[in-house]
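These notes concern the structure reproduced below.
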Amino acid sequence: MNIAEVRRDETTETPHNWRLEQGSQATMQYCHCLLYWPGLIHVATEGDAMFHSWWQKIKQHRVTIIIFAIILVVAIALIILGYRFDWTGFNGNNTSGKTLWDWMQLILIPAVLTLGAFLFNRAERSNQQAVALDNQRATALQTYLDRMSELLLEKNLRTSQTDDEVRTVARSQTLTVVRSLDANRKRALLQFLHESGLITNDESNGIVSLERAALQGVNLHNADLAGANLSRTSLRNADMRNTNLQRTSLCRAKLSDANLSEANLFEADLSDTILDGAMLHHADLSKANLCGADLNSADLRGAIVTPEQLKQVLLLKGATMPDGSIHP
């Protein structure tokens, strides 16, 4: 069924069908926005993103930087020493025979130029590979959105039943593509699923199950995933600062070393959730279910949480408590 066919069937239209058409239109508009408006893929903050990108580049070219630093230090040392000894030829006082400067011109300088050319070509190849990988990820995300749009608009994914094949196909495609995406495109995928009503935390536990989804490192800074079902997902090292997770299910999810500073976790389900090493500075945990949670070495400074809630936690060893004290 496409949108035009839904409109032609106005004589038998019901409120349910009208909501379906509206939902389908919203989904199509969202997909087109992701295609033509890349700015929707949020970058944490301009300053944080620039610093992270700069630091990543340094780590990628660490060997090159070290080599250039060594060459620079050796060159400076030779110049300084060269002016103190006549035999080097740097100070112009030695006019007989081959000087150190002559040998440097014959051997060292061409060697440095050759090394520089090699390192430049290596960096260029690395940059080309990075661009190619980014294009592959962009294509993978857009292909996924197109296929999911087809399942929504033509295969009635939103109104399907639990055991319908269309749900199995949607889940399989989601788990496959998410492994290949970077932090920001994982965010775009989650926002699409959430705003399409496919991962709601309701009685059906969502239309598309994200159980065992590889979402580690995802950038969800300032995102709104209120009421989403993220149970049993892998969210290690995720950036979830100031994320709206109100009434979101994170039951048995893996959030080790995730940053949840100032996150809204009001009435969230964190039962049996692994939060060891997580940052929860000033997070709102009001009425959150912490039964069986692992908060070893977590940082809860300034977090809104009651002693009764903390009594339900399974592990708290080494955790920084809301008052700044360290739990034994």
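The values are calculated or read from the model by the stated rules, or taken from the named source; none is laboratory data. All values reported here derive from a predicted model rather than from experimental measurement. Glycine also receives a Cβ, built like all others from the backbone with ideal geometry; neighbour counts cover every protein chain displayed.
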**Prompt:** Just wondering, is there one or more residues in the stretch 285-308 that are buried (at least 20 other Cβ atoms within 10 Å of the Cβ) and in contact with a helix residue (DSSP H, G or I) (Cβ under 6 Å, 6 or more places away or on another chain)?
**Reply:** yes
**Prompt:** Which condition does A223 not pass, out of (1) surrounded by fewer than 18 Cβ atoms within 10 Å (Cβ to Cβ); (2) under 14 Å from the mean Cα position of the chain (by Cα); (3) of a type in the set (G, A, S), if it passes all the others?
**Reply:** (1)
**Message:** If a residue must be farther than 14 Å from D284 by Cβ, over 15 Å from the mean Cα position of the chain (by Cα) and crowded, with 24+ Cβ neighbours inside 10 Å, how many such residues does the stretch 251-268 contain?
**Reply:** 1
**In the stretch 245-300, the residues that are basic (K, R) and not in a loop (DSSP other than H, G, I, E, B)** = K254
**Message:** Is it the case, given these coordinates, that V177 is farther than 20 Å from A263 by Cα, of a type outside the set (D, E, K, R) and either modelled with pLDDT under 95 or surrounded by 18 or more Cβ atoms within 10 Å (Cβ to Cβ) (or both)?
**Reply:** yes
